[in-house]
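I have placed the structure first, in the form of structure tokens, so that the comments after it can refer back to it.
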Amino acid sequence: MEQEVCYARKAELLKALSHPLRLQIVRGLLVNGCRNVGCMESHTGQSQSCISQHLMRLKAAGIVRAARSGNEVYYEVADPEAAAVVAALFGDREEEYQCTMLR
């Protein structure tokens, strides 16, 4: 039974990362560090509302977390397993990521 739970959790992680824009958002956060939606908008070419919808999905999966600073909300990757999956997909070295969660 414990293995089933583990497999289910891993499958949920993969589902959350399975959209190209969500994958781009997560990798962008890892490579560039904590960012707000406006910054993501300029780097992805997608609308603020589109990015916000995908961020909600990533937050629900526990992959990203948000922190408010004044009027801005900044996002960072919160799940080391997600970072490992992205690193494996792109051939990145996790120690080069700008994410504070990984240190």
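Quick one: would you say residue 94 is of a type outside the set (A, V, I, L, M) and within 14 Å of residue 34 (Cβ to Cβ)?
no
Whether any residue in segment 44-61 is part of a loop (DSSP other than H, G, I, E, B), without any contact (Cβ under 8 Å) to a residue 24 or more places away in the chain and not β-branched (Val, Ile, Thr) is what I want to check.
Yes, because at least one residue in segment 44-61 is part of a loop (DSSP other than H, G, I, E, B), without any contact (Cβ under 8 Å) to a residue 24 or more places away in the chain and not β-branched (Val, Ile, Thr).
Let's see how each residue does on (1) open to solvent by less than 30 Å² (accessible area, probe 1.4 Å); (2) under 23 Å from residue 94 (Cβ atoms):
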| residue | (1), (2) |
| --- | --- |
| 16 | yes, yes |
| 20 | no, yes |
| 23 | no, yes |
| 35 | yes, yes |
| 42 | no, no |
| 51 | yes, no |
| 55 | yes, yes |
| 74 | no, yes |
| 77 | yes, yes |
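Would you pick out the residues in segment 67-103 that are under 11 Å from the mean Cα position of the chain (by Cα) and assigned to a loop (DSSP other than H, G, I, E, B)?
Hits for segment 67-103 are 78, 79, 99.
Considering only residues that are hydrophobic (A, V, I, L, M, F, W, C), without any contact (Cβ under 8 Å) to a residue 40 or more places away in the chain and either within 15 Å of residue 14 (Cα to Cα) or touching a Gly at 6+ places or on another chain (Cβ under 9 Å) (or both), which ones fall in segment 62-86?
Those that are hydrophobic (A, V, I, L, M, F, W, C), without any contact (Cβ under 8 Å) to a residue 40 or more places away in the chain and either within 15 Å of residue 14 (Cα to Cα) or touching a Gly at 6+ places or on another chain (Cβ under 9 Å) (or both): 64, 78, 84.
Consider residue 64 carefully, then state whether it is open to solvent by less than 30 Å² (accessible area, probe 1.4 Å), closer than 16 Å to residue 23 by Cα and under 14 Å from the mean Cα position of the chain (by Cα).
yes
The values are calculated or read from the model by the stated rules, or taken from the named source; none is laboratory data. A quick note: this is a predicted structure, and the numbers were derived from the prediction, not measured. With ideal geometry, Cβ positions are generated from the backbone for all residues, glycine too; neighbour counts draw on all protein chains shown. Surface accessibility is based on the protein's heavy atoms, side chains included, excluding ligands, DNA and RNA. Shrake-Rupley method; radii C 1.70, N 1.55, O 1.52, S 1.80 Å.
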